[in-house]
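One structure, as structure tokens, below. Some questions next.
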Amino acid sequence: MIGDKPLFKKDYEKLQFLRWVLFLITAAEAAGLPGMSRSRLHALLFVSFASSRFYGLRPLRQRAQRTPHGPYYRAAHLTLGHLVFSGLVEVSEFKAHPSPKDLQFEGTFKLTKDGLMMSRLLRQTGTGERMYKFLLDLCLGTARAMATHDSEAEFDDENTDQMLAQDLTFRAALARSNKSLIIEEQVGDVTPTLKGLNSIDAYMRERSFVNSKDVLAAYQTLLRDRSKVA
Amino acid sequence: MTVQEAFTDNELGQLDDVDAAKSGSAEDQFFQECTSLVRIWLQTRELRKEPAAPDAQAILFIYAEAPMVDLGFDPATVDAPKKIRKKLGTLAQGIVVCNQNFKVMLKVRELLTVEDACDFAENCLSTSVSFAIAKVGQYKMQIHRAFQDLDEWLDDPDEIPVNIDDIHLTPEVIADDLERFHDAYLSTHLARAARHMWTYDEKKSVHRLGERPEEHVQSFLLSHLDGLYGRASVFVHEEVKNKGGRTDISIARPSLGKSGKVNTVLELKVLAPTNSPKANNDWGMKGVEQADSYRNADTDAAFTCLFDARKEKLEMPDLAPFAKSNDVVLKIYSMGLPPEAVVKSKVKAKAT
């Protein structure tokens, strides 16, 4: 209940999605990734849902909408609207998109100071803390994998989207004839991404001490190398 | 798709040279980045045979979770932020605001002395800000962790040496360094780390041992060893929190052996004043088991470090034989308690 209103399941799910997206934008900022484009956000959401069980977290979605521009989540689109209108995220380079059905707009999204404060508050619960740790580790891994060779502080922004498009679950979903991009056929299925992460985890832990974030970084490093030869 | 097909052996083989990223809390990682940057700068100068920088020259590193969004202090007190890069190698002095992996570095003041840095900290930063003052000419760094009392800290800052020498690390050298760490940081209730571990309850006029004392010790020891060991990588497992209270540190470095590397592992345990003798004994035994289980094929020694905050330091006769039978080096470091009759531990449930 919120006040005298009952909290419906769909409202609860909307709040869950809102928290995930706000955390993802915060994590990207904290990992030193510049403002996020709409397509990058949806791609990162897809990869986060395909890999969250590696951190013991249930993904919020089992599939994404297939578009010529990559994976797309209507819920993320609506969430971005909520976050922008509530001042937690700001949008720049806004451009209306001709497709009324799905994309609707393009833009670059950046956390605001209020968004940062809200994100800190939401991290105070156990689930919030675990969820943020996962998304931060994912983004730290992206930053590490996409650092250019000659300067680890330079972020190779252009190739990041190509790297994310090599995600094992995304490749497998693209190869299927389904209308949507399937992450988990059945709830709890081991995704190709999770299989890949588990194999890297087993390989690395046999050789040295590593944290899960190192596995996420290694996974994205291998995707980056695949994107170079693709 | 099978597990073997996810990545080829060739692809996985490319990960052999990948080192673990800096570990610990975001704040811990920030301090390690500070040490690393200063060390590289000092090493470069030494290679070029340049004279040491003046004693007064300073870099003030300020941690901000998202510096582009919020510096964490009043922007009017500094110049307009200028983006700089870690690898430029030009940061020799000034104030710089950085995120945890130093991908974002905003320089907000060019010239800085150690006195300026302390003045700035005193007047413009709050207790909740994590920062480090690198005294580059003195090869030292002063570390302020979030929520350390700023006035107390300014009077007696936590200062670590930034060593650039190539030390040959052995378990014996590490044991000696642990002794020195204990002397400076934990031997009395006013020592550098210990003073932040006890909280005073004014209503009941008692000191209490704070929550998660092992993590407190780990954080101080991590930055201390990271400053001391230039060639070694000091690592903590981030995921083992709340799993049987495991709090570890490993010190990995290159070796001439077959695998080309060797490591020493430390398991840290604090014996609490309010626990029963049996509970403390069991906690120590658990520390031995965990140190033993933590080692891998490259481990040369596994230490269990017991920081003894018990009121009465009674003998624990089972511990040493148990450690010996597990080939674990047992070290017990006495911690002095605040002077009062009753010492109670603080128990607080974690939010879920």
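The values are calculated or read from the model by the stated rules, or taken from the named source; none is laboratory data. All values reported here derive from a predicted model rather than from experimental measurement. Note that we place each Cβ from the backbone using ideal geometry, even for glycine, and neighbour counts take in every protein chain shown.
Check off (1) under 19 Å from A:Phe49 (Cβ atoms); (2) within 11 Å of chain B (Cβ to nearest Cβ) for A:Glu184 and give me the number that stays unchecked.
Of (1) under 19 Å from A:Phe49 (Cβ atoms); (2) within 11 Å of chain B (Cβ to nearest Cβ), only one is false for A:Glu184: (2).
I would also like to ask the following. Looking only at strands (runs of 3 or more DSSP E) that fall completely inside the stretch B:83-193, which ones have 1 or more residues that are within 14 Å of chain A (Cβ to nearest Cβ)?
Numbers: elements: B:94-98, B:105-109, B:131-135, B:140-144, B:158-161.
Counting at least 1 such residues, we get B:94-98, B:105-109.
Residue-wise test of (1) touching a Lys or Arg at 6+ places or on another chain (Cβ under 8 Å); (2) assigned by TED's automatic domain parsing to the domain that holds B:Cys305.
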residue	(1), (2)
B:Asp166	yes, no
B:Asp176	no, yes
B:His182	no, yes
B:Tyr185	yes, yes
B:Thr188	no, yes
B:Ala191	no, yes
B:Arg195	no, yes
B:Thr199	yes, yes
B:Ser205	no, yes
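Looking at the stretch B:14-50 only, could you name the residues that are over 15 Å from the mean Cα position of the chain (by Cα), within 9 Å of chain A (Cβ to nearest Cβ) and assigned to a helix (DSSP H, G or I)?
Across the stretch B:14-50, the qualifying residues are B:Gln14, B:Leu15, B:Asp16.
With the condition kept exactly as written, say whether any residue in the stretch A:198-206 is touching a Ser or Thr at 6+ places or on another chain (Cβ under 9 Å), part of a helix (DSSP H, G or I) and facing chain B (nearest Cβ under 7 Å).
For the stretch A:198-206, residues touching a Ser or Thr at 6+ places or on another chain (Cβ under 9 Å), part of a helix (DSSP H, G or I) and facing chain B (nearest Cβ under 7 Å): absent.
Matching residues to (1) at pLDDT 90 or above; (2) away from chain B (no Cβ under 13 Å); (3) assigned to a helix (DSSP H, G or I):
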position: A:Asp137; (1), (2), (3): yes, no, yes
position: A:Thr142; (1), (2), (3): yes, no, yes
position: A:Glu152; (1), (2), (3): no, no, no
position: A:Glu158; (1), (2), (3): no, yes, no
position: A:Thr169; (1), (2), (3): yes, no, yes
position: A:Asn178; (1), (2), (3): no, yes, no
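For the stretch A:99-119, indicate whether the set of residues that are within 14 Å of another protein chain (Cβ to nearest Cβ), modelled with pLDDT under 95 and loosely packed, with under 15 Cβ neighbours inside 10 Å is non-empty.
No, every residue in the stretch A:99-119 fails to be within 14 Å of another protein chain (Cβ to nearest Cβ), modelled with pLDDT under 95 and loosely packed, with under 15 Cβ neighbours inside 10 Å.
Do we find a residue being in contact (Cβ under 8 Å) with a residue 24 or more places away in the chain, more than 21 Å from B:His224 (Cβ to Cβ) and surrounded by 22 or more Cβ atoms within 10 Å (Cβ to Cβ) anywhere in the stretch B:296-310?
No, the stretch B:296-310 contains no residue that is in contact (Cβ under 8 Å) with a residue 24 or more places away in the chain, more than 21 Å from B:His224 (Cβ to Cβ) and surrounded by 22 or more Cβ atoms within 10 Å (Cβ to Cβ).
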